[in-house]
Amino acid sequence: MSQASISGRRASSASMRDEILERYSGDGSPASWWRVRLLVKRLAWVTVVTATRLLKRLLDVGGAIALLIVLLPFFGLVALLIRLDSPGAVLFEQQRVGRHGRLFRMYKFRSMYVDAEARKAALATDNEMQGGVTFKMKADPRITRVGRFIRRGSIDELPQLWNVLRGEMSLVGPRPPLPSEVAEYSIEDRRRLDVVPGITCIWQVSGRSEIPFERQVELDVAYIESQSIRLDLLLLLKTVPAVLLGRGAY
């Protein structure tokens, strides 16, 4: 490369540097106008994000209250069937991981025998979930007769409406994982913890337990990157036929 070319490149770089310094120096009106534009864009973005979160929270609270009121008699029937079917508490509490790694107590109707957790280790080699992070079995011997029915229709998940009211969960969002599952997460998997977990999500209306763990993560990340009130409403509508058909539920 000739000396003239080198000198020309240096001059061009110096000119560009001077232009950038002038723009951000704050000494002239162009730089001031540039800062104003950045401030307006930032305020607009914060306003949109805040409004979306507020609307999502209003949807969660309104939907949870309405469903709890309508389903209260049904809850009583389910509780009675659980007590008649097997000894133990009606509700099952389990520690789960929420947004940004916050731990909370998640509630479900009990669908397993009371010694289910103690028996899980013996069944570890029978895990049918691809990826191995979560545990699923189609013929899990720990599930009670009533438990199979309520799990097929996701009825066991309905007490999580209380978690929604408490702000620990949302109607729509990635399912809250167990701490033991999070311990096996990769960096990419941990992106699921960027938002409030939900009762229903994309992969739950697309095949549920039949979808491999890696694909579940991909779908959850896709939801996080494109979430909106419209998408939440669409997923809630799709949840109804998914629950009625019971595809992938076990």
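Laboratory data are not the source of any read-out in this text; all were calculated from the coordinates shown. Just so it is clear, the structure is predicted and the values come from calculations on it, not from any experiment.
Could you tell me whether the range 159-250 comes out rounded, prolate or oblate from its Cα gyration tensor? Rule is a ≥ b ≥ c as square roots of the eigenvalues, rounded for a/c under 1.5, then prolate if a/b exceeds b/c, otherwise oblate.
rounded
Assign one of three labels to the range 93-207, namely rounded, prolate or oblate, based on the Cα gyration tensor with a ≥ b ≥ c the square roots of its eigenvalues; rounded applies when a/c is under 1.5, prolate when it is not and a/b is larger than b/c, and oblate otherwise.
oblate
How long are the semi-axes of the ellipsoid equivalent to the range 54-245, from square roots of 5 times the Cα gyration tensor eigenvalues, in whole Å, largest first?
Computed over the range 54-245, the values are 24, 22, 15 Å.
Against the 2.2 N^0.38 Å scaling, with N counting residues, where does the range 57-158 land? I'd like the Cα-based Rg ratio to two decimal places.
1.21
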